[in-house]
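Scroll down for the structure; my scribbles are underneath it.
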Amino acid sequence: SVVLSEAVRLKGAKSDAYYDKALYFLAESLYQIGNDASAQESFRDLAQQRSSMYVGRAVRRLIDIAERRGQWDGIEQYIAMLQEMGSIPPLTAYYIAKNYVTRSKFEELDNILKLIPEEHEYYIRSRYVKAIAHVKQGHFPEAVEIFAELSEIEGDTDDVERIRELSIMNRARILVEEGKLPESMDVYQNIARSSPLFDDALYEITWSYVREADKTD
């Protein structure tokens with residue numbers, strides 16, 4: 001990144017045929033070492049050059065940086081650019097989808113989620129995002145259906161286990177809110193004692209019984 005930083009600042013560098021390539025690899029180097037602010041600046045310069053062969057990759061990285069920093073102001077124009085080019089990769093689509101749910105922008109969510117194929121490693125995460133979207137919209141039966149599906153996913157990686165257990169917890173919580181206490185208790189029991197969420201599950205079970213007891217007083 002130090003060498004490339006010097007190269008793009010040389011006199012006459014911007015008119016060189018390899019300038020865009022150098023700027024892209026500079027930005028990518030900065031991104032890889034976690035210098036997001038400087039990487040963002042270089043990627044923005046590339047994104048403004050619609051004729052550059054690196055514009056698509058630059059825009060995707062701007063979205064990745066927005067996700068990593070949790071700062072999405074002004075990113076809509078870049079999402080629109082990728083949609084125009086028809087080149088949103090699955091991981092970037094996942095970031096966009098998650099952001100849409102965070103900001104309660106549900107109208108474009110399904111179209112973005114369609115870009116994540118079932119065989120992709122982030123597919124189960126995308127299903128979880130869809131379930132959370134249903135919860136935020138008050139579509140509880142649809143949310144429970146997806147949570148039930150994700151509660152049965154197989155695999156022992158940290159990512160799979162976390163999605164599975166979060167889905168169990170959310171499904172149980174919805175059942176509690178619907179007044180289906182016995183059913184929710186059955187679901188909570190699927191959280192293993194070794195799980196980081198076991199204490200939360202135990203607390204929520206206890207609190208659910210306390211709330212139910214209060215109703216009978």
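Let me confirm the definition first: pairs of Lys residues in the chain, 8 or more apart or on different chains, C-alpha distance under 19 Å. How many are there?
Step by step, the pairs that qualify in the chain add up to 9.
Explain nothing, just the number: relative contact order of segment 104-176, from Cα pairs under 8 Å at least 6 residues apart, as a whole percent.
25 percent
Could you tell me which residue out of N190, I153, I163 lies farthest along the dipole of segment 95-201 toward its positive end? Charges go on the beta carbon: Lys and Arg +1, Asp and Glu -1, centred on the Cα centre.
Comparing the listed Cα positions along the dipole, I163 ranks first.
Run the accessible area of segment 53-188 with a 1.4 Å probe and give the carbon-and-sulfur part as a rounded percent.
The C+S portion of the solvent-accessible surface of segment 53-188 is 47 percent.
Pop out the ³J(HN,Hα) list for segment 26-32 in order, Karplus 6.51 cos²θ - 1.76 cosθ + 1.60 with θ = phi - 60°, rounded to Hz; leave Gly and Pro as x.
Here the 3J(HN,Hα) series is 5, 4, 5, 4, 5, 4, 5 Hz.
I'd like the Karplus ³J(HN,Hα) series for segment 191-198: coefficients 6.51, -1.76, 1.60, θ = phi - 60°, whole numbers in Hz, and an x wherever there's a Gly or Pro.
Calculated HN-Hα couplings, in order: 7, 5, 4, 7, 6, x, 9, 4 Hz.
Read phi for every residue in segment 86-98 and hand back ³J(HN,Hα) as whole Hz from Karplus 6.51 cos²θ - 1.76 cosθ + 1.60, θ = phi - 60°, with x for Gly and Pro.
x, 9, 8, x, x, 5, 5, 4, 5, 4, 5, 4, 4
Let me know the charge dipole size of segment 1-54 about its Cα centre in debye, to the nearest 20, where only the beta-carbon of Lys, Arg (+1) and Asp, Glu (-1) is charged.
The dipole of segment 1-54 has a size of about 180 debye.
Remind me, relative contact order of the chain in percent, using alpha carbon pairs under 8 angstrom and six or more residues apart? Write out the running numbers ahead of the final one.
Details: 208 pairs, mean separation 18.7, N = 217.
This gives 9 percent for the chain.
Test of understanding: express the Cα radius of gyration of segment 1-52 as a ratio to 2.2 N^0.38 Å, with N the residue count.
Dividing the Cα radius of gyration by 2.2 N^0.38 Å gives 1.05.
State in Å² the accessible area per residue of the chain; use a 1.4 Å probe, count heavy atoms of protein chains only, and round to the nearest integer.
Working: 12640 Å² over 217 residues.
Value returned for the chain: 58 Å² of accessible area per residue.
The values are calculated or read from the model by the stated rules, or taken from the named source; none is laboratory data. Everything quoted here is computed from the prediction, not taken from an experiment. Counting neighbours? That spans all protein chains shown, and the Cβs are built from the backbone with ideal geometry, glycine included. What goes into the accessible areas is simple: the full protein's heavy atoms, side chains included, and nothing from ligands, DNA or RNA. Shrake-Rupley method; radii C 1.70, N 1.55, O 1.52, S 1.80 Å.
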